[in-house]
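Engineer: Have a look at this one before I ask anything.
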Amino acid sequence: DTEVTQTPKHLVMGMTNKKSLKCEQHMGHRAMYWYKQKAKKPPELMFVYSYEKLSINESVPSRFSPECPNSSLLNLHLHALQPEDSALYLCASSQRVAQNTEAFFGQGTRLTVV
Amino acid sequence: GESVGLHLPTLSVQEGDNSIINCAYSNSASDYFIWYKQESGKGPQFIIDIRSNMDKRQGQRVTVLLNKTVKHLSLQIAATQPGDSAVYFCAALGDKFYFGSGTKLNVKP
């Protein structure tokens with residue numbers, strides 16, 4: 001199993017809503033990542049988890065709150081988002097942080113904030 | 001910080017021709033590089049990787065070349081097919097993965 005599974009595939013939320021994005025992998029990877037991708041742009045790193053601990057936060061606003069409940073799951077909690085937060089949110093995993101192995105990406109959650 | 005960029009934002013090729021996509025990086029400490037393919041509405045898909053102790057690596061129809069002297073890597077796709085149409089990103093690994101700006105490959109039948 002070389003899959004990273006993200007749910008939901010699409011999400012529309014209002015600016016006062018609270019929602020969560022979910023990511024799951026069963027490859028035994030101990031590094032997991034959240035990226036944000038706007039149209040026609042490369043993925044931008046948001047958070048890195050290493051062994052279930054947050055190791056990198058790329059100065060992401062607090063309205064985005066990551067959580068890693070166990071080694072297979074990664075969540076991104078969303079609250080009071082702005083329309084400019086609309087984007088494709090990608091989850092990825094790799095064996096270890098900063099190790100020379102590929103990162104596997106999920107198919108993303110297309111988020112629209114209205 | 002790391003900068004990884006691409007020379008050509010859009011590349012159009014005829015089906016059956018070879019494609020070459022280029023990428024430059026700025027951090028000489030990067031020692032691992034990946035090419036990803038991203039189709040519309042999907043996540044990036046791994047194509048091929050190369051470590052800094054190599055200058056060439058071949059896969060099925062794809063070849064990655066790494067020139068550490070000028071901090072440049074390229075992706076060559078042989079006999080380009082319509083299914084190769086996508087955006088291609090290079091990524092360099094320092095303390096984390098940095099992505100280049102992407103090249104859109106259009107394959108004309």
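Throughout, read-outs are computed from the coordinates displayed, never taken from laboratory work. Keep in mind that this is a model prediction, so the values were computed, not measured. Neighbour counts are summed over all protein chains in view; Cβ atoms, including those assigned to glycine, are modelled from backbone coordinates with ideal geometry.
Engineer: Take residues that are in contact with a Gly (Cβ under 9 Å, 6 or more places away or on another chain) and tell me which of the strands (runs of 3 or more DSSP E) falling wholly in the range A:1-90 contain 1 or more.
Structural biologist: Numbers: elements: A:4-7, A:10-13, A:18-25, A:31-37, A:44-50, A:53-57, A:64-70, A:73-79.
Counting at least 1 such residues, we get A:4-7, A:18-25, A:31-37.
Engineer: On the given criteria, is A:ALA87 buried (at least 19 other Cβ atoms within 10 Å of the Cβ) and of a type in the set (Gly, Ala, Ser)?
Structural biologist: It is true that A:ALA87 is buried (at least 19 other Cβ atoms within 10 Å of the Cβ) and of a type in the set (Gly, Ala, Ser).
Engineer: Quick check on my filter: what residues within the range B:91-109 are within 13 Å of another protein chain (Cβ to nearest Cβ), under 14 Å from the mean Cα position of the chain (by Cα) and over 18 Å from A:LYS38 (Cβ atoms)?
Structural biologist: B:ALA92, B:LEU93
Engineer: Which residue is surrounded by the most Cβ atoms within 10 Å (Cβ to Cβ), if the candidates are limited to the range A:27-73 and must be touching a strand residue (DSSP E or B) at 6+ places or on another chain (Cβ under 9 Å) and polar (S, T, N, Q)?
Structural biologist: A:GLN37
Engineer: Taking the range A:93-114, which residues are crowded, with 19+ Cβ neighbours inside 10 Å, part of a loop (DSSP other than H, G, I, E, B) and small (Gly, Ala, Ser)?
Structural biologist: A:ALA103, A:GLY106, A:GLY108, listed by residue number.
Engineer: Give me a count of the residues in the range A:29-55 that are touching a Ser or Thr at 6+ places or on another chain (Cβ under 8 Å) and without any contact (Cβ under 8 Å) to a residue 12 or more places away in the chain. First the steps, then the outcome.
Structural biologist: So in the range A:29-55, the residues touching a Ser or Thr at 6+ places or on another chain (Cβ under 8 Å) come out as A:29-33, A:41-42, A:48-49, A:51-52.
After this cut, where a residue has to be without any contact (Cβ under 8 Å) to a residue 12 or more places away in the chain as well, the list is A:41-42.
Summing the residues that are touching a Ser or Thr at 6+ places or on another chain (Cβ under 8 Å) and without any contact (Cβ under 8 Å) to a residue 12 or more places away in the chain in the range A:29-55 gives 2.
Engineer: Out of the residues in the range B:19-38 meeting the condition of being in a loop (DSSP other than H, G, I, E, B) and either of a type in the set (Lys, Arg) or loosely packed, with under 13 Cβ neighbours inside 10 Å (or both), tell me which one is nearest to the other protein chains (Cβ to nearest Cβ).
Structural biologist: Top of the filtered list is B:ALA29.
Engineer: Go over the candidates A:ARG96, A:ARG63 one by one and state the one that is of a type in the set (Lys, Arg) and either away from chain B (no Cβ under 14 Å) or without any contact (Cβ under 8 Å) to a residue 40 or more places away in the chain (or both).
Structural biologist: A:ARG63
Engineer: Output the residue which, of all residues in the range B:39-75 that are more than 13 Å from chain A (Cβ to nearest Cβ), part of a loop (DSSP other than H, G, I, E, B) and of a type in the set (D, E, K, R), is surrounded by the most Cβ atoms within 10 Å (Cβ to Cβ).
Structural biologist: By that ranking, first place goes to B:LYS71.
Engineer: Among the residues of the range B:81-90, are any more than 10 Å from every other protein chain (Cβ to nearest Cβ), assigned to a loop (DSSP other than H, G, I, E, B) and under 20 Å from A:LYS40 (Cβ atoms)?
Structural biologist: From the range B:81-90, those more than 10 Å from every other protein chain (Cβ to nearest Cβ) are B:81-86, B:88; that's our starting set.
Those left that are additionally assigned to a loop (DSSP other than H, G, I, E, B): B:81, B:85.
Add one more test, that the residue is under 20 Å from A:LYS40 (Cβ atoms), and what stays is B:85.
For the range B:81-90, residues more than 10 Å from every other protein chain (Cβ to nearest Cβ), assigned to a loop (DSSP other than H, G, I, E, B) and under 20 Å from A:LYS40 (Cβ atoms): present.
Engineer: Out of the range B:44-99, which residues are within 18 Å of B:GLY16 (Cβ to Cβ), touching a strand residue (DSSP E or B) at 6+ places or on another chain (Cβ under 7 Å) and not acidic (Asp, Glu)? I'd like the intermediate steps shown before the answer.
Structural biologist: Applying the first criterion (within 18 Å of B:GLY16 (Cβ to Cβ)) to the range B:44-99 yields B:60-63, B:75-86.
Of the ones still in play, those that are also touching a strand residue (DSSP E or B) at 6+ places or on another chain (Cβ under 7 Å) are B:61-63, B:75-77, B:80-82, B:84-86.
Scanning the range B:44-99 gives B:ARG61, B:VAL62, B:THR63, B:LEU75, B:GLN76, B:ILE77, B:THR80, B:GLN81, B:PRO82, B:SER85, B:ALA86.
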